[in-house]
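First the structure, in the form of structure tokens, and then the observations on it.
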Amino acid sequence: MPDNSAIAHGSPENSGDAHDEHPSYLRHHFNSVEQQADAAGFAMWLFLVTEVMFFGGLFTAYLIYRNWYYAAFVAGSHQLNVKWGTLNTLVLIVSSFTMAMGVWCSQTRRRSGLVLCLTLTFLLGLGFLGIKTIEYREKIEKHHVPGFHYSLQSFMDPQSEPEVYSEYHDKPLPLDMAVHTELYFSLYFLMTGMHALHMIIGLGILAFMILRARTGAYTSGHTTFVLNFGLYWHFIDIVWIYLFALLYLISRHA
Amino acid sequence: MSATIVSLPDQSTARIPKVNYITKENGILSWLLTSDHKRIAILYLISLTFFFFIGGALAGLIRLELLTPQTDLMATDTYNKVFTMHGVIMIFFFLVPSVPATLGNFLIPMMIGAKDLALPKINLLSWYLYMAGGILAIYTMATGGVDTGWTFTTPLSTHYVNTNVLTTGLAAFVAGFSSIFTGLNFIVTIHKMRAPGMTWFRLPLFVWAHYAASILMVLATPVVAIAIVLIALERTIGIGIFDPTKGGDPLLFQHLFWFYSHPAVYIMILPGMGVISETISTFSRKRVFGYTAVAFSSVAIAVFGFFVWAHHMFIMGISNYAVLVFSLLTMLVAVPSAIKIFNWTFTLYKGSITFETPMLYTFGFMGLFTIGGLTGVFLGTSGTDIHLTETYFIVAHFHFVMVGGMLMAFLGGLHFWWPKMTGRMYPEKISQLAAVVTFIGFVFTFFPQFILGTLGMPRRYASYPPEFQILNVFSTAGATILGVGYLLPVLYLVWSLKYGEIAGDNPWQATGLEWQTQSPPLTENFAEMPVMDHEAYDYEWLEAQNQKRQKEVISAG
Amino acid sequence: MSEHNELAHHIVGPGVYVVILFALLVGTGLTVWASFVDLGLWNPVIALAIATTKAMLVVLYFMHVRYSSKLTMLTIGAGIFMFLVLISLTLADYISRAWGNW
């Protein structure tokens, strides 16, 4: 069954709109703007699928070690501040909203609206990274960074950390389980770090987009770039939704 | 072998078309910054040939060392580096990109009636990533090499060697992205840029094969990418993810590594199978038997290929239940490959077979791939695998499928489409000789290795018990013949660029849109967009076209 | 010109986006609350279920998949399927190791 949008049209049967048929952004190897936009969107989805598989390896490692060293993972996750994590989740969700609104602005040719939405998305993204910095700094101070003077004290003697202990009343871990908390933090930094790296790249592209959006580049019919960047941004949001659930919310009941 | 289907134009009046993709623009930058898929294919062809011969030289060193039972040519550590780099270069920098990046890039847009791939600049980026990875690999060799085997098994690669694991890992990582982008490009192109009338089931099977391989490239490669990242972090920071002393599991690396590397073998072979579908049809003058079965079996190989990776890990410490499951699944994946072999054989039946060079390579493929594939089934049955794994049986198995299969298909395809890519024919007699020499050399090199493996000679060892020497000498002698067989095409193909006969549009009288246009093609492939109004491999349609053209010539004259 | 184009990007309006935003915020609150309640083995199940629901809302509405072609859905499905194959077959090995050698 032929895919209608795939089979190009040999002759320009459509009358009028001749200028719209071949705008400047139509690349020569495509037959129509629809074909080009279609191909670009499909390419973006395929790229996101590769990202799913890329993170997939990390999720596999996480699931295996959480299964093996559950107590260590619980203790490790108690060291993460659930307030910051929740705030970050909310920040990203709102940024996904502003990004989606940006796509709407691009599609409905609202130039200043688009610039506003993209800027808000950018600021929210920056806020996410700011919160992450705070969290990472706390980890560094407490010596919970694998490979860099990693300390088992919080896990073998939980009462040495009153704020965490008063919340969860963790039992002290025996040494052979406590050492596995380092694995938890390796995965924490790996997964959130990889996620943050993708965010930083996204923010870079977003900054470029804001500058271009101000000139009206995305609000004169050529919505592909904004649309496809939106897909990337939402993907980053989805990865965080799972990271939050898996890393922060393991078992917060006392 | 005087019967031939080759039909060349009158050499006294024929000329290479003045305007084509090669003459369109001049200067090195017009090649290095091109977005023309055909030029990018040629760039790949040149660089692939270069890396092939480096990998081949390393193979020569291996075979030289193995002439004698003792480790006398080089130190054991050096031998480890030689076979590792041979594997890394041959797999990541030759086999994986070979057919897709050269023939696939060149032909897929033409076969579907498009002007270029969907993402031409990404195509060029793929080549640059490939070159960057390749240069890193060479740098690795120049600065001491790596000796872990191309499989980077942990904890050897993470804790016990001081060699260039990181740079090699980075080279493979970068080359992996080259592969991902190529696959992504092909999938988008095949879905979105087919000409009017070119439905899925009118596509040449070459396109189906590349579509299936592209799915593998896109879905599997990222997993080895993350595996390499994890190795790098384990080596540098010591995160403990593969370290038993920190609670990690070395087998986790192998799971992630083989999740890609098994589909990788299908990435390598499927495009070659695509070539075989084209050549076997053309040189039997017959439609491929069971088109739908061959098309679907390509996709089936791609899908099932994802479910079997742990058959590379039977003795590594996975659970017996996992061994059972993966062994059963491996039996499944052999079926679609066998379907193809049957269908190609039935294509031959009652066909008008001629033995031009591409067909010689095709016959070589059919025989050698069948043997290689069947021995794969022996290895997939865990009971026999326990005895045969890590021996020369494995080495023989994968060389039969990869070299006897894939490389023969690549050479066959290169010869088949050489007239289209260059406008010139290669010299037939010497090319047939080279094909036969390659076949003989191959059998002498690798068949003894099956025997060596069953007798118990381990792989990746520089020394062996003296009773194995005679078979090793046979193998090295064969390798010398094989080397000649591979060198000859380089020489006569380059010669043909200047002195080869003018080929004309369709020297093989083949069906397929690429043969309905000039050789070499225009940059935009077609003067006007083609409309596909017939089935694939429709020789009656071709005959009708020829008669129509003859009538036109007669009425014009 | 656009009667041939089935992807004349159905423009999703702000109303839909606001509703989804709300749903996502509620989901976040729900999952945080649930993690503080001792539900034994169900805690991870619920957390993943809520996360998956939120992810599906983002995919269907923010990423417009609800209004996209079958090809897009097939592509996403293929990615998720292979992701699940990676996880489940690998985990199958790890889980069955504990069962001993037959």
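Points to keep in mind about this one:
- The helices (runs of 4 or more DSSP H) located wholly in the stretch B:20-115 that include 2 or more residues which are within 14 Å of another protein chain (Cβ to nearest Cβ) occupy B:37-65, B:105-112.
- Evaluation of B:F201 against (1) surrounded by fewer than 21 Cβ atoms within 10 Å (Cβ to Cβ); (2) more than 30 Å from B:V299 (Cβ to Cβ); (3) at pLDDT 95 or above (one fails), failing number: (2)
- Sole residue being within 25 Å of B:E65 (Cβ to Cβ), at pLDDT 95 or above and in contact with a Pro (Cβ under 6 Å, 6 or more places away or on another chain), chosen from B:P458, B:P466: B:P466
- Residues that are farther than 28 Å from B:V303 by Cβ, aliphatic (A, V, I, L, M) and over 25 Å from the mean Cα position of the chain (by Cα) do occur in the stretch B:238-250, at least one of them.
- Qualifying residue in the stretch B:499-512 (condition: crowded, with 17+ Cβ neighbours inside 10 Å and part of a helix (DSSP H, G or I)): no
- Residue check for A:T192: under 20 Å from the mean Cα position of the chain (by Cα), closer than 25 Å to B:D249 by Cβ and not aliphatic (A, V, I, L, M): yes
- As a summary of the residue check, B:F50 satisfies the conditions (1) surrounded by fewer than 17 Cβ atoms within 10 Å (Cβ to Cβ); (2) under 20 Å from B:V395 (Cβ atoms); (3) not β-branched (V, I, T) except for the one numbered (2).
- Looking only at residues of the stretch B:116-154 that are in a loop (DSSP other than H, G, I, E, B) and under 16 Å from B:R39 (Cα atoms), we find that the one that is farthest from the other protein chains (Cβ to nearest Cβ) is B:L117.
- Looking only at the stretch B:526-544, and only at residues there that are in contact (Cβ under 8 Å) with a residue 24 or more places away in the chain and not in a loop (DSSP other than H, G, I, E, B), the one that is surrounded by the most Cβ atoms within 10 Å (Cβ to Cβ): B:L542
- Of all residues in the stretch B:228-244, those satisfying the criterion of being crowded, with 21+ Cβ neighbours inside 10 Å, more than 8 Å from chain A (Cβ to nearest Cβ) and not in a loop (DSSP other than H, G, I, E, B) are B:I228, B:I231, B:E234.
- You will find that of A:L63, A:L114, A:L58, the residue that is buried (at least 20 other Cβ atoms within 10 Å of the Cβ) and within 10 Å of another protein chain (Cβ to nearest Cβ) is A:L58 and no other.
- Of the residues B:A310, B:A300, B:A264, the single one that is more than 15 Å from B:A220 (Cβ to Cβ) and not β-branched (V, I, T) is B:A300.
- Single condition B:I318 does not satisfy, out of (1) modelled with pLDDT of 95 or more; (2) under 30 Å from C:W102 (Cα atoms); (3) surrounded by fewer than 24 Cβ atoms within 10 Å (Cβ to Cβ): (1)
- Qualifying residue in the stretch A:163-176 (condition: among the aliphatic types (A, V, I, L, M), under 30 Å from A:L197 (Cα atoms), within 30 Å of the chain's Cα centre (by Cα) and at pLDDT 90 or above): no
- Within the stretch B:245-256, being buried (at least 24 other Cβ atoms within 10 Å of the Cβ) and more than 9 Å from chain A (Cβ to nearest Cβ) holds for B:F253, B:Q254.
- Residue in the stretch B:483-502 that is touching a Phe, Trp or Tyr at 6+ places or on another chain (Cβ under 8 Å) and farther than 23 Å from B:F51 by Cβ present: yes
- Restricting the stretch A:66-111 to residues that are more than 9 Å from chain C (Cβ to nearest Cβ) and in a loop (DSSP other than H, G, I, E, B), the residue that is surrounded by the most Cβ atoms within 10 Å (Cβ to Cβ): A:L80
- Pairs with Cβ under 7 Å, 6+ apart, first in the stretch B:53-67 and under 14 Å from B:V473 (Cα atoms), second among the hydrophobic types (A, V, I, L, M, F, W, C) and assigned to a helix (DSSP H, G or I): B:G60/B:A479; B:L61/B:V82; B:I62/B:V82; B:I62/B:F83; B:R63/B:A479; B:L67/B:V473
- Taking the stretch A:208-219 as the range and being assigned to a helix (DSSP H, G or I) and loosely packed, with under 13 Cβ neighbours inside 10 Å as the test, the residues that pass are A:F208, A:L211.
- Qualifying residue in the stretch C:46-60 (condition: within 7 Å of chain A (Cβ to nearest Cβ) and more than 20 Å from the chain's Cα centre (by Cα)): no
- When each of B:F206, B:F173, B:F181, B:F177 is tested for being modelled with pLDDT of 95 or more and under 26 Å from A:E34 (Cβ atoms), the lone residue that passes is B:F181.
Conditions (1) surrounded by fewer than 19 Cβ atoms within 10 Å (Cβ to Cβ); (2) polar (S, T, N, Q), marked per residue:
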site	(1), (2)
B:P17	yes, no
B:W31	yes, no
B:Q70	yes, yes
B:F94	no, no
B:S98	no, yes
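- Matching residues, the stretch A:236-247, being at the interface with chain C (Cβ under 8 Å from one of its Cβ atoms) and out of contact with any Phe, Trp or Tyr (no Cβ under 9 Å at 6 or more places or on another chain): A:I238, A:I241, A:F244, A:A245
- Residues considered: A:D157, A:D176. Of these, the only one that is acidic (D, E) and either within 14 Å of chain B (Cβ to nearest Cβ) or closer than 16 Å to A:Y232 by Cα (or both) is A:D176.
- Restricting B:F346, B:F363 to residues that are surrounded by fewer than 22 Cβ atoms within 10 Å (Cβ to Cβ) and touching a Gly at 6+ places or on another chain (Cβ under 9 Å) narrows the list to B:F346.
- Only listed residue being outside any helix (DSSP H, G or I) and more than 8 Å from chain A (Cβ to nearest Cβ), chosen from C:G40, C:G77, C:G15, C:G27: C:G40
- Take the conditions (1) within 14 Å of chain B (Cβ to nearest Cβ); (2) on the phi > 0 side of the Ramachandran plot; A:G216 misses just one of them, which is (1).
The values are calculated or read from the model by the stated rules, or taken from the named source; none is laboratory data. No experiment lies behind these values; they were computed from the predicted model shown. A quick note on method: Cβ atoms are made from the backbone with ideal geometry, for glycine too, and the neighbour counts reach across all protein chains shown.
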